[in-house]
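Values quoted throughout were computed directly from the atomic coordinates according to the rules given, and no laboratory measurement underlies them. Keep in mind it's a predicted model, so treat the numbers as computed, not measured. Don't worry about glycine lacking a Cβ; one is built from the backbone with ideal geometry, like all the others, and counts go over all protein chains shown.
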Amino acid sequence: MLNLRIPYFSLQPLIENAIEHGLLSQVNGGELRLTCSSDNGNYLIKIMDNGKGMSDTEVNDIRNKLHDIRNLSNKNVGIKNSFNRFKLLFENRVDYSIESKLGIGTCITIKITKEGLA
């Protein structure tokens, strides 16, 4: 993973969202994990929290907004900017996965295909 260069400040909004929307309201705090790994074909960056989580509707709304270039809403700006920065750099070799369960937490996985990277 040390050879992989990612866009500046592309993870910061995701970590900030995990803290602000997932963990701050937790009475006993919570846990935030950032993991980076690599397998034969992909680099994986995961941001996970055990915060309040999101409903399926909220997750689907975010997923849809990521791919809608016409959406100029002020909601989900951080994750959309992060996604766009990765897309500019890695084009079709990057994918965002968002999984969340109410009361359990959220995990965002950024998968970057190694094939075609210099």
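For the reader, a short list of remarks on this structure follows.
- A run of the chain free of exposed loop cleavage sites, with chymotrypsin sites (Phe, Trp or Tyr not before Pro) counted only in DSSP states other than H, G, I, E and B and at most 14 other beta carbons within 10 Å, reaches its longest extent at 10-118.
- When +1 charges are put on Lys and Arg Cβ atoms and -1 charges on Asp and Glu Cβ atoms, the dipole computed for the chain relative to its Cα centre reaches about 280 debye.
- Projecting the Cα atoms of N81, N64, N50 onto the charge dipole of the chain, computed from C-beta unit charges around the Cα centre, puts N81 farthest toward the positive end.
- Theoretical ellipticity at 222 nm over the chain - DSSP helices of four or more residues, -39500 (n - 2.57) apiece, nearest 500: -8000 deg cm²/dmol
- Scaled against the 2.2 N^0.38 Å expected of a compact globular protein of N residues, the Cα radius of gyration of the chain reads 1.07.
- Among the lysines of the chain, pairs that are 8 or more positions apart or on different chains and have alpha carbons within less than 21 Å of each other number 21.
- Cleavage-rule hits, trypsin sites (Lys or Arg not before Pro), the range 1-89, DSSP coil, Cβ neighbours within 10 Å at most 16: R5, R70, K75
- On Cα atoms only, tilt of 56-67 relative to the major axis of the chain in degrees: 30 degrees
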